[in-house]
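The values are calculated or read from the model by the stated rules, or taken from the named source; none is laboratory data. Everything numeric in this text was worked out from a predicted model, so none of it was measured. Glycine also receives a Cβ, built like all others from the backbone with ideal geometry; neighbour counts cover every protein chain displayed.
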């Protein structure tokens, strides 16, 4: 089992932290005594350094206004139905044929936005997954029963907590923590971000860093458990958002992700030239780069047009382009409709194969890593209904939405996604 380490030599160093903290404390104490004593003639004391943006009264405002206030509360339910076949799945009639990738995923979600004083905002997001899948629990002699029960049912839940602080100087600082748990998998995410407005808000520059650490059970394609392994993903993003005209907004973003560790789910299989199946082998490192362009244009008939383009490359030989558009049209002050379309094409990784030679080396038959073209067509209905004044003590607005998306791609995979949501706005 490989576990993350703190120091370069694999050991934590609390002693160094204690020494640094002690020196800082002595310096602060000495400085406080110097400020309170009578200074000798001709001596100019060192000016006091303050951090006004981080002072408690600045962050939380008046002491009487520091209570937590619920701004909105939303619930959502998504239901995914996936059909298709992939060569990595062992749920097949013949060993060398693609196996079933059938899956049904039910995902309830909760979201709460809470303010703490005039400058601090908390966001709590809790998604849960209930997955029924054919691929990881095939019905042949290679069956890797990686689920905790014979029902092929896997349950997962996560807690995502974001905190943002907007300083008077125009800087916005944020931190993020995510914990994900399921029967054979644990994941922790920690991140921090910064954003600043320029030109009276016409331009916003932002950046963030995130670290994801995964810990999971390892299974062979025969279903034998072989302890645990880890995966590390480090991500950094920088972006610029610019108001081009009173009705046009543009956004540019670049992100890089460095991954290390076991990058397979460990039970994916690969058809071999001898008619049997072998283990999937992936590199232990991956560098991923993404360039994103976004645009939003208001339309004079109370509509909005949005455009999204993403270019992706990595050192596994994958290159991909994604184009997405959406059109929103307001029908009444409380009702609008949205239609969206997404087109994606990718080259596939350099070591993708459906008939691997009998030699050691990188190999995968994962349909997600294959050359493919995919499309997504969908729509959504959104209602933001103001509540009667008699309800103002409880909530200001009721939010309802319902949508459907149809995803399909050239290597035999389709997904039907149904989603609906309901919530309240309180302020």
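Quick notes on this structure:
- In region 389-398 there is no residue that is assigned to a loop (DSSP other than H, G, I, E, B) and in contact with a helix residue (DSSP H, G or I) (Cβ under 9 Å, 6 or more places away or on another chain).
- Identity of the residue in region 128-155, surrounded by fewer than 18 Cβ atoms within 10 Å (Cβ to Cβ) and under 25 Å from the mean Cα position of the chain (by Cα), that ends up modelled with the highest pLDDT: 128
- Criterion (closer than 19 Å to residue 265 by Cα and at pLDDT 90 or above) met by exactly one of 173, 188: 188
- Scanning region 212-262 for residues that are outside any strand (DSSP E or B) and either at pLDDT below 95 or under 20 Å from residue 287 (Cβ atoms) (or both) yields a total of 7.
- A residue that is exposed (fewer than 15 other Cβ atoms within 10 Å of the Cβ) and over 29 Å from residue 228 (Cα atoms) occurs nowhere in region 179-188.
- Of the residues screened, residue 333 is one that is surrounded by fewer than 17 Cβ atoms within 10 Å (Cβ to Cβ), within 22 Å of residue 297 (Cα to Cα) and out of contact with any strand residue (DSSP E or B) (no Cβ under 7 Å at 6 or more places or on another chain).
- Residue in region 349-357 that is modelled with pLDDT of 95 or more and within 24 Å of the chain's Cα centre (by Cα) present: yes
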